[in-house]
Amino acid sequence: MTASERGGRAHHRPRRKRLRPLRWLAALLFLAAGGWFWFQWQCWGLQTTHTQAELANLPQGFGGFQIVHLSDLHGHEYGEGSRELLDRVREEAPDLIVVTGDLIDQKSQLAMVPALAKGLAAIAPSYYVTGNHEWALGSGTVRELKSVLAQCGVTVLSNQYEILERGGGRLALAGVDDPNGRADQTTPEELYAQIGEETPGLFTLLLAHRNDHFGQYAAAGYDFVMSGHGHGGIVRLPFAGGLIGTDRRFFPPWTSGVYRLGDSALFVSRGLGNNTVPIKGFRLFNRPELAVVTLKRG
């Protein structure tokens, strides 16, 4: 080896050392970008879940009845005109679609409602009940929202019920406005009593926004309740469930899936959007949920 060759090699060694910090920086940037995209996927990566709800006293004709449950969209659109969300719902070919409140957060978001509502109504009979965020916008906005939904083919249940029939069986599908609504509105207990007086003995399926009122619904006597509001606990932990309640308390009850109190059962959707608890657009191990619930006779 010549002296010039030895000198050339010695000349290149420091250059390789200088490259090491750049490689570390590139690796860190790559990890940061990957982490950011993963976090966005956690917050907005739509997940379809399938749950069987085994229910005592379910009418025989409703065994296998499939319900798509949407909740807490908070004005978010999955694709232009909610195309991605509607495609997912259509793939499930549901017998019924229910929307349990907090569809919008701002009056300007009324603009996204017609495309979604028309799309849902074209797939299956669709029903809606209000959430706390709609009422926070004022009763005038709630009236406008209900009118738009009705014009687009979605049935609004405001402390009312309808009779559904299938395979010779009948059940009462009831819906209550959120407690943020009128102070003199019909209570869930009064609505249940009305159903019992007018159509005694029917299985009752209640749509109600607030999951944390399950004790009230169960005490009233409802057989099955479908709710949202809890956002899955914002962050979900293995073996512990939801971490943060919408009331900012830790480890709230009834945040995702099926629960039971006495003879009543509750299904809670983790929701499709995000609100401001604790940070807008924040979810972890708790992707937005398009819930498909199949009723099963217990």
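The values are calculated or read from the model by the stated rules, or taken from the named source; none is laboratory data. Small disclaimer: the values here were computed from a predicted structure and weren't measured. FYI the Cβ positions are ideal-geometry reconstructions off the backbone, even for glycines, and counts take in every protein chain you see. When the accessible area is computed, the model is the full protein with side chains, heavy atoms only, and any ligands, DNA or RNA have been set aside. Shrake-Rupley method; radii C 1.70, N 1.55, O 1.52, S 1.80 Å.
Observations, loosely collected:
Rundown of residues vs (1) open to solvent by less than 10 Å² (accessible area, probe 1.4 Å); (2) at pLDDT 95 or above; (3) hydroxyl-bearing (Ser, Thr, Tyr), yes/no style:
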{"position": "LEU86", "(1), (2), (3)": "no, yes, no"}
{"position": "TYR128", "(1), (2), (3)": "yes, yes, yes"}
{"position": "GLY131", "(1), (2), (3)": "yes, yes, no"}
{"position": "TYR161", "(1), (2), (3)": "no, yes, yes"}
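- Filter result for SER82 (small (Gly, Ala, Ser), in contact (Cβ under 8 Å) with a residue 12 or more places away in the chain and under 22 Å from PHE224 (Cβ atoms)): no
- The single residue among GLY79, GLY64, GLY34 that is open to solvent by 20 Å² or more (accessible area, probe 1.4 Å), touching a strand residue (DSSP E or B) at 6+ places or on another chain (Cβ under 9 Å) and not hydroxyl-bearing (Ser, Thr, Tyr) turns out to be GLY64.
- Residue check, ARG20 open to solvent by 90 Å² or more (accessible area, probe 1.4 Å) and more than 22 Å from GLN151 (Cα to Cα): yes
- The listed residue being modelled with pLDDT of 95 or more and more than 24 Å from GLU134 (Cα to Cα), out of ALA172, ALA208: ALA172
- Selection of region 139-191 for residues being within 22 Å of the chain's Cα centre (by Cα) and aliphatic (A, V, I, L, M) yields VAL142, LEU145, VAL148, LEU149, ALA150, VAL154, VAL156, LEU157, LEU173, ALA174, VAL176.
- Of all residues making up region 171-192, the number that are outside any loop (DSSP other than H, G, I, E, B), open to solvent by 40 Å² or more (accessible area, probe 1.4 Å) and touching a helix residue (DSSP H, G or I) at 6+ places or on another chain (Cβ under 8 Å): 2
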